Structures are given as C-alpha cells and as structure tokens.
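Student: Quick one: the structure is below, and I'll ask about it shortly.
The values are calculated or read from the model by the stated rules, or taken from the named source; none is laboratory data. Not measured: the values here are computed from a predicted model. Glycine gets a Cβ as well: all are built from the backbone with ideal geometry, and neighbour counts include every protein chain shown. These area figures cover heavy atoms from the full protein model, side chains too; ligands, DNA and RNA do not enter into them. Shrake-Rupley method; radii C 1.70, N 1.55, O 1.52, S 1.80 Å.
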Amino acid sequence: MVIDKAIENTEQNLRLASEKLEIIMDNSENYSKIAITNNIVQRVLNEPQTADPLDNYNRYVEVSNALADIVDSKTFVDTMLIYDRNHHIYDSGNAKDVQNIGDEYFRRFADSSFGLEWKDTGASNYFKEGSSRSVVSLFQKFNSAKDGSALGIIQLSIDERFISNQYANIDIGKNGQLFIVNKKGMIASHPNKDRLHVYIGDEPYFSWVLSHEGSKTFQMNKENYLVVSREYPRLDWIILGIVPIKEITKGNQILTQKFIYWSALFVILAVILAILIAKSITRPLSRIKAFVKNVQDGNLDVRLDLKSRDEIGALAKEFNKMVDRTKSLMENIIDEQKKKREYELAVLQSQINPHFLYNTLESICALADLKRNGDIVNIVNQLALFYRGVLSKGSPIISMEDEMIITQTYLEIMKVRYGDQLEYRFDIDKRAYNYATIKLLLQPLVENSIYHGLKNKRGKGLIEINGYVNDNKLLLEVVDNGIGMAQERQQRIFWSEPGDYKNKSFGLKSTDERIKLFFGSEYGLEIQSEDGKGTRVRISLPADKWGDAE
C-alpha cells in the first residue's frame with residue numbers, strides 16, 4: 001500500500017515535471033515564431049547585402065535590438081541567434097565567439113519549406129560570461145514573407161540549469177533522485193551538475209525504461225530501488241524518478257496513526273485551496289477574455305493590468321505588448337498610406353497644373369496677336385517637351401539629366417513670357433547627370449523663385465542652378481537674385497500642416513517632404529535668404545546611380 005502510494009506520488013511528480021517542460025518548449029517555439037515574423041527582422045534580412053561595413057553594422061544592431069526586445073525578461077531564454085543566408089550572425093546580446101552552425105541546418109532543412117528541430121543537451125556554440133554552458137537548443141528555418149525565399153535559421157537556446165530548476169524542488173524522498181536521460185544513456189539534465197552528461201546505459205534499469213513507462217523495482221548495490229519512468233518524446237528524453245525502497249517504508253506506522261488526522265486536514269485544505277486557486281485563475285482569465293473581446297472589437301487603447309508574476313501575468317504582459325505593437329503598426333501604416341496618397345495627388349496636380357498651362361496658352365494667344373509665329377512654334381514645342389518629361393511613363397523617380405531637361409524647358413517657356421527680364425545659368429557637374437532624383441524636384445523651386453523672388457524685383461532677374469557630388473551625396477542649388485525673405489518667413493515655410501497643398505501648392509515644404517519620403521529623413525532642403533539679397537535653396541540627395549534606383 002505504501003509502495004503503491006509512493007509510485008502514485010512519483011508518477012504525479014514526473015507528470016508535473018513533464019508539464020513544466022512542455023510549457024517551456026511551447027513558449028520557446030512561440031517566441032521563435034514571433035522573432036522570425038518580426039517586421040524589422042523580415043525587412044533587414046530581405047534587403048540586399050552591401051559591402052559597406054557601416055551598413056552591415058547598422059543591420060546587425062537593428063536586428064540584434066529587435067531580438068533583445070523579444071527575449072527581454074524571458075528568463076528561460078539564454079540567448080537567441082539568427083544565421084542569415086549570407087553567413088552573418090545576429091544575437092540578442094551578451095553572446096561572444098559564436099560558432100556559425102547555420103550552414104549545417106540550412107542543409108538539414110534544404111528539402112522542406114519550414115524546418116524545426118530540438119537539439120539535445122550539449123555545450124553551447126557560444127560563450128557567455130566568459131565560458132560555454134550546457135544548453136538545449138531549438139533550430140527553425142524561416143522564409144521571407146515577401147517572396148517565400150529562405151532568409152535564415154533561428155536558434156533559441158535554454159540553459160540546462162533553468163530546466164533542472166523546474167523539477168529540482170520536487171520532493172520524491174530524502175535520498176530520491178529525479179533527473180532526465182536521453183535514449184543513448186546520457187544524462188541530459190540533473191540538479192547535481194556533476195552528474196550531467198554521465199553515461200548510465202549500464203545501469204540494470206536502463207534497458208527496461210527504454211521500452212516501458214511506469215514503475216518497477218530493481219536491485220542496485222545490494223539495495224532495492226523503486227524506478228519510475230515517463231517518456232518525453234519531444235526531445236526523445238526519459239524522465240526518471242529513483243527512490244530507495246527502505247525510505248518509502250520507513251515510518252509506515254507513524255503514517256498509519258496520523259493518516260486519518262492528516263487526511264481530514266488535507267481535505268479541508270484542498271477544498272479551501274481549490275476555491276482560492278479557482279478564484280485566482282478564473283478572475284484573471286475573465287479579465288483576459290474581456291480584454292481580448294475589446295481588442296477584437298477594434299479598441300486598441302485598452303490595457304490589461306495584471307500584477308501577478310506567474311504565466312498568466314506574463315501572458316498579460318505579452319498581450320499588452322502585442323496590442324501596443326499592433327496599434328503602432330496600424331497608425332504607421334495609415335499615416336504612411338495617407339502621406340503617400342497626398343504626395344501622389346500633389347504630383348498629379350503639378351503634372352497637369354492648370355494655372356501654368358493657362359498662363360502659357362495666354363502667352364501663346366498674345367504672341368499670335370503680334371504675329372510672332374516663330375515664338376509661337378518655340379513655346380508650343382517647349383510646352384510639349386515639358387509635359388513629355390513630366391509624364392515620364394508615370395515613374396516618380398527619373399534621372400537627373402531628365403530633370404534638368406524638364407527644368408530648362410520650363411525656364412525657356414518663362415523666358416518667352418518675361419523676355420529679357422529673366423536670365424538663367426546651369427553649372428552642373430557632369431557626373432550628376434547619371435544619378436537619380438524624384439520627378440519635378442527643381443521646377444517647383446524655380447517657379448517659387450520666379451513668382452516670389454523675381455516677379456516683384458526691379459531690374460533683370462537671374463536664376464542659377466548648380467549641381468555637384470560631395471561625400472557620397474548629390475547636392476543641388478537653386479539661387480536667385482530676387483527680393484529674398486525674412487528669417488521668420490523661412491521658418492513658416494516648414495511649419496505648414498501635412499497635406500495642406502491648397503495653401504502651399506507644390507513648393508518648398510512638399511518638395512522637402514517628397515525627398516524625405518523617397519530617400520530618408522537625412523535628406524531634404526535648406527534655405528538661406530535675406531530681405532533684398534536673394535534666396536539660395538540647397539537640396540541634398542543620395543548619390544544613387546540612375547540604373548540602380550529604378
């Protein structure tokens with residue numbers, strides 16, 4: 001009877017250890033999935049590799065920070081590594097001297113769209129705090145969300161000490177042992193680290209536990225032991241509990257005498273504990289259910305405030321992070337789409353600018369009245385050339401040479417209208433013609449110079465357009481000798497609300513925003529101007545070859 005009870009208790013303890021392991025492994029696979037679907041990881045690993053060390057370092061920092069955010073506060077994760085298809089390694093932090101074993105798993109998973117494999121306890125392929133450690137590792141292949149191509153292998157490693165801590169405090173007797181062995185006879189996890197990786201295949205019970213679950217008595221060192229085994233198939237492990245028989249039967253009489261007393265007490269405590277546990281579990285679960293319902297209804301401003309430190313508390317924390325990320329992502333997507341649409345509308349408006357066309361046709365009519373047929377032919381040809389360049393097959397990115405043609409054509413039309421009152425000069429480095437730019441970059445700035453700088457100026461107006469390449473940047477300048485502007489007015493140019501094209505037309509602010517949208521926030525416009533002393537608008541663009549930017 002006592003032995004039967006010991007068997008039952010030991011089996012329950014082994015089941016508890018197995019369930020704890022299952023939670024760890026499930027969480028590990030979930031965090032691996034979160035990492036490989038992370039937007040930053042997908043974006044950076046999809047980008048083409050360059051030879052620029054700084055660019056590669058920035059890529060490493062960006063992916064490593066994303067991994068660190070995912071495994072932050074996950075005490076069971078020792079480290080997370082990504083091996084990409086270009087043989088680069090990204091880690092979640094603190095891992096040193098990492099041995100690249102990604103190629104081995106690329107080959108192993110070559111014939112499958114997705115691969116996932118758990119590796120038994122072994123020495124880590126990295127150093128942490130100056131040494132390697134015994135770890136259990138998950139390896140998973142992942143693909144590009146854009147085209148399905150293989151992006152890399154992710155490795156999530158769990159320190160064996162964390163695994164053994166899950167069952168180290170489970171009591172199966174003063175001299176009892178609870179540990180994990182693999183089917184090759186090597187101890188895969190043990191609270192006593194001196195026993196880790198010890199071979200026990202020669203023990204009398206080992207051949208039995210390979211093919212049996214349950215309990216059996218064995219004699220070892222002239223003493224009988226109860227051996228209870230339970231398989232853990234996920235890693236091809238066997239969880240073992242070994243207890244001396246004499247320890248089980250010791251104190252049998254004391255147990256018998258106090259059985260009724262303790263039974264009654266345990267029943268009462270169990271009922272009370274069951275009620276408390278039920279309440280402690282159902283209450284936060286009800287809150288989680290209500291929270292998920294709110295999120296499902298589209299309310300992303302709710303917060304799940306659970307202070308518990310158990311798995312439910314961890315789940316609540318992850319729910320909050322997920323909702324925050326979802327909300328941020330949705331806001332970014334909406335804002336980005338809105339801006340792109342606004343800029344598309346602005347470009348379309350500029351391409352068919354009725355005011356410019358009306359003024360040009362009016363000039364043609366005036367020339368017709370004066371019977372200046374040659375000028376009419378010239379201005380009509382320039383107008384056709386201008387709109388041919390503006391349309392540019394609908395592409396928002398064109399070569400700098402095409403942009404200069406559009407700008408020069410526009411200036412020629414303006415010269416027909418303003419005659420000798422307008423002069424212009426181009427001083428462009430020949431190398432600049434081979435680089436890419438956004439369409440209608442210079443025309444709005446030239447138009448701004450004419451209508452706001454030269455139109456109200458006495459005497460001849462001059463516009464200079466300069467271009468040169470410096471420090472891997474393409475730098476352009478539109479300089480006029482017009483009436484200039486005060487500092488306060490310069491600042492107001494960049495204060496206008498996004499999308500306010502009705503008031504700002506297609507001038508400086510929208511051009512600056514289009515540059516930042518297509519090339520990044522480090523590029524754009526700078527204005528230098530004084531009242532009565534003209535205006536200089538400097539443009540900075542990346543020195544991207546035209547063929548590479550298409």
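Student: Of the residues in segment 197-210, how many are among the acidic types (Asp, Glu) and surrounded by 14 or more Cβ atoms within 10 Å (Cβ to Cβ)?
Tutor: 1
Student: Residues of segment 426-454 being within 19 Å of residue 536 (Cα to Cα) and free of Cβ contacts under 8 Å to residues at least 12 places away in the same chain, which ones?
Tutor: Passing the criteria: only 451.
Student: Consider residue 107 against the criteria (1) open to solvent by 50 Å² or more (accessible area, probe 1.4 Å); (2) in a loop (DSSP other than H, G, I, E, B): it satisfies all of them except one. Which criterion is unmet?
Tutor: Of everything listed in (1) open to solvent by 50 Å² or more (accessible area, probe 1.4 Å); (2) in a loop (DSSP other than H, G, I, E, B), residue 107 misses just condition (2).
Student: What number of residues in segment 407-458 are open to solvent by 10 Å² or more (accessible area, probe 1.4 Å), of a type in the set (Val, Ile, Thr) and at pLDDT 85 or above?
Tutor: 1
Student: Out of curiosity, is residue 228 of a type outside the set (Gly, Ala, Ser) and in contact with a Ser or Thr (Cβ under 6 Å, 6 or more places away or on another chain)?
Tutor: yes
Student: Go through segment 4-24 and give me each residue that's surrounded by fewer than 19 Cβ atoms within 10 Å (Cβ to Cβ), aliphatic (A, V, I, L, M) and under 21 Å from residue 318 (Cα atoms).
Tutor: Across segment 4-24, the qualifying residues are 23, 24.
Here is a yes/no grid of residues against (1) open to solvent by less than 50 Å² (accessible area, probe 1.4 Å); (2) part of a helix (DSSP H, G or I); (3) at pLDDT 70 or above; (4) touching a strand residue (DSSP E or B) at 6+ places or on another chain (Cβ under 8 Å):
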| site | (1), (2), (3), (4) |
| --- | --- |
| 291 | yes, yes, no, no |
| 299 | no, no, yes, no |
| 315 | no, yes, yes, no |
| 321 | yes, yes, yes, no |
| 325 | no, yes, yes, no |
| 333 | no, yes, yes, no |
| 336 | no, yes, yes, no |
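Student: Oh, and also: If you take the residues in segment 42-69 that are modelled with pLDDT of 85 or more, of a type in the set (A, V, I, L, M) and surrounded by fewer than 19 Cβ atoms within 10 Å (Cβ to Cβ), which one is farthest from the chain's Cα centre (by Cα)?
Tutor: The residue in question is 54.
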